[in-house]
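Engineer: This structure is in structure tokens; I'll ask about it shortly.
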Amino acid sequence: MAGIIDVTIPVSEDKSEEQHGQLSVEKEVDYSQRGQWLRAAVLGATDGLVSVASLMMGVGAVKEDVRAMILTGFAGLVAGACSMAIGEFVSVYSQRDVEVAQMKRVKGILGNEESEKEALPNPFQAAVASALAFMLGAMMPLLSAAFMVDHKVRLGVVVATVSLALVGFGWTGAILGRTPVAKSCFRILVGGWMAMAITFGLTRWIGSTGL
């Protein structure tokens, strides 16, 4: 009986370790598979938020008319969403072509082609996710400015709204991607502030020169 116990214990431990290793690999694969759509969604939302808010801040630096700010922001929303969708589609499709060519060179097995295609990046999905995320981000400064009558209050509300949204996007991306939350939020927040400040300052300076 002692000999049997000695034999069965290590086998059980090996199975446990093997199962644990398999679970760890599966978890890592799951997180890595999030990368494609997560990158497109977070990048699109952040770009829409920062670029449209910066455009509105630039116009607000030289004009107090709320209509001018809203029209500029709306134009930026439409143009940016189209640009993000096209750019993401071309980029992901190029990546897909490279991976397909590499698989054909390395594998050379036509019978596994259908199963391999399931793991390939989807350019249509990336384009739609990027465009929708851009519009979602761009709508935040637009809606926050639409109901503000006072010009200075409007600018302050736009900055506050963008700041809160940037922190939210940074937190969401960090949680889903299992990355440090503080670094992600700080990095995206400072970047957004810099974009708005530079656009506001340069536009105000150019406007003051009478060009």
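Just so you know, all these numbers are worked out from the coordinates, no wet-lab data involved. All of these numbers come straight from a predicted model, not from anything done at the bench. Every residue, glycine among them, receives a Cβ derived from its backbone with ideal geometry; neighbour counts consider all protein chains shown.
Engineer: Taking the Cα of V153, stepping 7 Å toward and past its beta carbon, and measuring to each backbone N in the stretch 66-86: which are under 19 Å?
Structural biologist: Once the point is set 7 Å along Cα→Cβ of V153, 66-70 turn out to lie under 19 Å by backbone N, inside the stretch 66-86.
Engineer: Could I ask something else about it? Kirkwood Rh and Cα-based Rg: tell me the resulting Rg over Rh for the stretch 42-168, rounded to two decimals.
Structural biologist: 1.22
Engineer: Sticking with this one: Could you order peptides 53-59, 82-88 by the average number of other Cβ atoms within 10 Å of their residues, highest first?
Structural biologist: Packing order, densest peptide first, comes out as 53-59, 82-88.
Engineer: Once phi is turned into ³J(HN,Hα) by the Karplus curve 6.51 cos²θ - 1.76 cosθ + 1.60 with θ = phi - 60°, what whole-Hz value does each residue of the stretch 53-59 show in order, with x for glycine and proline?
Structural biologist: Along the stretch 53-59, the couplings run 5, 5, 4, 5, 5, x, 5 Hz.
Engineer: Continuing with this model, one more query. Where the centre of each part is set by its Cα atoms, how far does the stretch 171-211 sit from the stretch 85-102, in angstrom?
Structural biologist: If you average the Cα positions of each part, the centres end up 29 Å apart.
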